[in-house]
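Right, one structure below, let's go through it.
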Amino acid sequence: MKKLLAVLIFILILAGNSYGLTGEDIVRKSQNAFFYPGKDFKARVVMRLISRTGKQRIRELTMLRKNYGDEQKYFIYFFRPSDVRGMTFMVYKYPGRDDDRWLFVPAINMVRRIAAQDKRSSFVGSDFTYEDVSGRDVEEDTHELLKKETLQGRNCYVVKSTPKAGDMDYSYKLSWVDETSFLPIKEQYYDRQGELYRVFTADEIKDIDGIPTVTKRTMKDLQSGHRTEVTFTEVHYNIGIDDSLFTERYLRRPPRKWIK
């Protein structure tokens with residue numbers, strides 16, 4: 001009788017989730033695929049900030065990232081436009097607690113600590129936030145697997161993520177996650193009134209060093225009509241980035257070998 005009861009319970013569990021993964025499982029795998037691949041990472045990045053009328057502003061930068069188990073460190077150096085050349089941004093990412101973020105502004109020769117509450121602010125005037133750049137902790141949201149559907153020819157899980165804290169600028173997010181690579185293919189953000197206001201899309205995915213990588217991505221603000229298109233080139237993994245790079249002393253003058 002006990003064996004029969006155990007079998008019935010197992011069947012009920014499978015019926016409740018026929019995909020074998022929970023929403024949290026999928027988001028965790030997606031975070032690992034999108035933000036954590038390789039031991040370290042380097043890329044040249046071009047950001048195009050495009051207004052509703054089509055006017056463009058360009059940001060060009062080098063992004064470096066290194067993993068330390070679940071923790072990470074990011075270093076970003078800006079080449080253009082001229083008013084931000086030499087600006088640097090550094091993140092120490094700590095899953096489970098607030099990240100440390102620093103911004104060096106050469107125009108005023110000052111290193112500024114970015115407060116935890118500013119993580120949802122615009123990243124250098126783009127439609128991406130500081131949190132979008134380095135990722136959001138999985139535990140900060142509840143994740144519900146809604147369904148599976150095909151998007152851009154890819155079989156995707158559709159997950160609804162709802163912030164546990166009530167101080168976010170969105171009420172929930174829908175994510176389409178590729179069931180093979182677990183990369184996010186599309187994300188939709190809904191405001192406090194339940195209206196769609198921000199959309200992320202992965203526009204190009206390439207295999208680099210055996211790792212599926214989103215090399216083109218876009219974030220659109222549907223309320224302002226503004227969008228930011230980002231292209232990654234010269235992408236490399238596992239290049240042996242020095243730990244010493246991720247220190248405040250190099251925010252002002254980073255080693256050329258890593259930013260060029």
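Being touching a strand residue (DSSP E or B) at 6+ places or on another chain (Cβ under 7 Å), over 29 Å from Pro254 (Cα atoms), aromatic (Phe, Trp, Tyr) and touching a residue at least 24 places away in the same chain (Cβ under 8 Å) narrows it down to one residue among Tyr157, Tyr77; which is it?
Answer to the selection: Tyr157.
Out of all the residues in the range 70-106, which are touching a helix residue (DSSP H, G or I) at 6+ places or on another chain (Cβ under 8 Å) and modelled with pLDDT under 90?
Pro95, Gly96, Asp98, Asp99
Kindly provide the set of residues from the range 218-246 that are free of Cβ contacts under 8 Å to residues at least 60 places away in the same chain, surrounded by fewer than 16 Cβ atoms within 10 Å (Cβ to Cβ) and under 22 Å from the mean Cα position of the chain (by Cα), ordered by number.
Leu222, Gln223
Considering only the range 134-157, how many residues are out of contact with any helix residue (DSSP H, G or I) (no Cβ under 9 Å at 6 or more places or on another chain), surrounded by fewer than 19 Cβ atoms within 10 Å (Cβ to Cβ) and farther than 30 Å from Met90 by Cβ?
Here the count works out to 9.
Of everything in the range 54-97, what is exposed (fewer than 13 other Cβ atoms within 10 Å of the Cβ) and either in contact with a Phe, Trp or Tyr (Cβ under 6 Å, 6 or more places away or on another chain) or under 22 Å from Arg120 (Cα atoms) (or both)? Give them in sequence order.
Ile58, Asp70, Gly96, Arg97
Could you grab the pairs with beta carbons closer than 7 Å, sequence gap of 6+ or different chains, first residue in the range 98-116 and more than 21 Å from Gly135 (Cα to Cα), second one not in a helix (DSSP H, G or I)?
Val105/Met87; Val105/Arg112; Pro106/Gly86; Pro106/Met87; Val111/Trp102; Val111/Phe104; Val111/Glu248
Just need a number here: residues in the range 191-217 that are surrounded by fewer than 17 Cβ atoms within 10 Å (Cβ to Cβ) and within 23 Å of Ser171 (Cα to Cα).
Result for the range 191-217: 6.
The values are calculated or read from the model by the stated rules, or taken from the named source; none is laboratory data. Fair warning: this is a prediction, and the values are worked out from it, not measured in the lab. Heads up, the Cβs are rebuilt from the backbone with ideal geometry, glycines too, and the neighbour counts pull from every protein chain shown.
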